[in-house]
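First comes the structure, then the notes that go with it.
The values are calculated or read from the model by the stated rules, or taken from the named source; none is laboratory data. Since the model is a prediction, treat every value here as computed from it, not as a measurement. Here Cβ is always computed from backbone atoms with ideal geometry, including for glycine, and neighbour counts include all displayed protein chains.
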Amino acid sequence: MHVAGLGQCSLDYLMVLDSYPREDTKKEVLEWAVQGGGPVATALVALSRLGVKTSFMGLVSDDDAGKLIKKGLVEEKIDIRDMVIRKGGKSQTAFIVVNNKNGKRTIIWQRPTVKSIRPLEVKKGFLKGANFLLLDGLFSEASIKAAKMARAIKIPIMLDTGRMRKGMYELLQSSDYIIASEEFGRKFAGSPKRALKELMMFQPKAATITLGDKGSITISGGEEFHQPAFIVDVVDTTGAGDVFHGGYIYGLLQGWEIRKTLKFASAFAALKCRRLGGRAGIPGFKEAFKFINENE
C-alpha cells in the first residue's frame, strides 16, 4: 500500500492557555510545543504510523521552519523527494492557541511566501507505485494536474475540502471520495446535510462531512448514515480532521465496508485529541482497535 499526497505542510507553534487573552494584555502559557502540521502532511503521518508507505509533495523555503518541517516528515518515514524547496522566503507557519478547558483551538497562520507549486513540477514519477492520492486543493493548478494523472491510471482520489478554493469544482468532479468540514458545508449549501447531498452530484463513491464532537455524516451507495464521535479526555483538537482522513484512507485500502471505515477513522481521530498538537497523539493500529473494542 502506498499513498501519495499533495498539499499543505506547516510548522505549528502550539500553546495551551486557560482563556483567550484580551487585547493589550500579557498571558502565561500553560504548555508549549512545536510540531509539524498541515492537512495532507499530517494525514500521511497518520498513515505512516499504520504501516502504509507514503510520499509527499509540498512547498517549503530554505528557512529554519522549512528544515524542521522536512525533518519531521523524514522522521515519520515519509518520502519527500518530490518536495518543492524555494530559496529566500518563509515556509508556512501557524500559531495555535488551545483552550485547556475544552481542547478547542484558534489557528493564526501564514502561507508560504514563495511562489506556489507549478503544474510542470508535478512529474509523472510522483504517482509511481501509488494506490491512492490525497489532495487538499491548496495548490490548485498543481492539484488539478495530479488529479488528472491519477484518473488516467485509475488511482482513487480523496479531496479534503476544508474551505472553498480556486479550482475546487474541478477537483470535486475528479474525486472518488470527498470529505468536507462543517464550515465548508454551511458555506457551500447552507447546511451540512444539504451540502452532503449536493456533493453527491459530483458522483463520488462517498461524501462525508465532519462535524467535530458531533461526529460525521456520510452518503455512500445511496445510504446516508451518522457516525458519532468517540468520547475521550480532550487535550487538543488540532489535526483531528487530518488524522480522520488518514484513518479513512486506511480503511479504504483494507477494503472495509464504509461503516467500518468511518468507525475506525472516528476512533483514530479521537485518540489523537488526547495530546497536544496534530501528531503527538496519533495512535498505532493495535491501540486504535483496542479502543474501538472497548467502546463499542
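Listed by position, the strands (runs of 3 or more DSSP E) inside region 18-66 whose residues that are over 30 Å from Glu287 (Cα atoms) and in contact with a strand residue (DSSP E or B) (Cβ under 6 Å, 6 or more places away or on another chain) number at least 3 are 59-61. Tell me, yes or no, whether region 78-86 has at least one residue that is part of a strand (DSSP E or B) and among the acidic types (Asp, Glu). Yes, region 78-86 has at least one match. Residues in region 127-170 that are touching a residue at least 60 places away in the same chain (Cβ under 8 Å) and at positive phi: Gly129, Gly137. The helices (runs of 4 or more DSSP H) found wholly in region 160-259 and carrying at least 2 residues that are of a type in the set (Phe, Trp, Tyr) occupy 182-189, 240-254. No other residue among Ile249, Ile217 is at pLDDT 95 or above and out of contact with any Asp or Glu (no Cβ under 8 Å at 6 or more places or on another chain) apart from Ile249. Exactly one residue out of Phe184, Phe244, Phe202 is touching a strand residue (DSSP E or B) at 6+ places or on another chain (Cβ under 8 Å), within 28 Å of Arg151 (Cα to Cα) and surrounded by fewer than 22 Cβ atoms within 10 Å (Cβ to Cβ), and it is Phe202. Inspection of region 94-106 identifies at least one residue that is surrounded by fewer than 14 Cβ atoms within 10 Å (Cβ to Cβ), of a type in the set (Val, Ile, Thr) and modelled with pLDDT under 95. Filtering region 222-245 to residues that are closer than 20 Å to Leu196 by Cα, touching a residue at least 60 places away in the same chain (Cβ under 8 Å) and not charged (D, E, K, R) leaves Gly241, Phe244, His245. Each residue in region 1-11 was checked for being part of a strand (DSSP E or B) and either of a type in the set (A, V, I, L, M) or over 14 Å from the mean Cα position of the chain (by Cα) (or both), and 5 pass. Considering the conditions (1) out of contact with any helix residue (DSSP H, G or I) (no Cβ under 9 Å at 6 or more places or on another chain); (2) in a loop (DSSP other than H, G, I, E, B); (3) farther than 30 Å from Lys27 by Cα; (4) of a type outside the set (Phe, Trp, Tyr), Lys101 is excluded by exactly one of them, (3).
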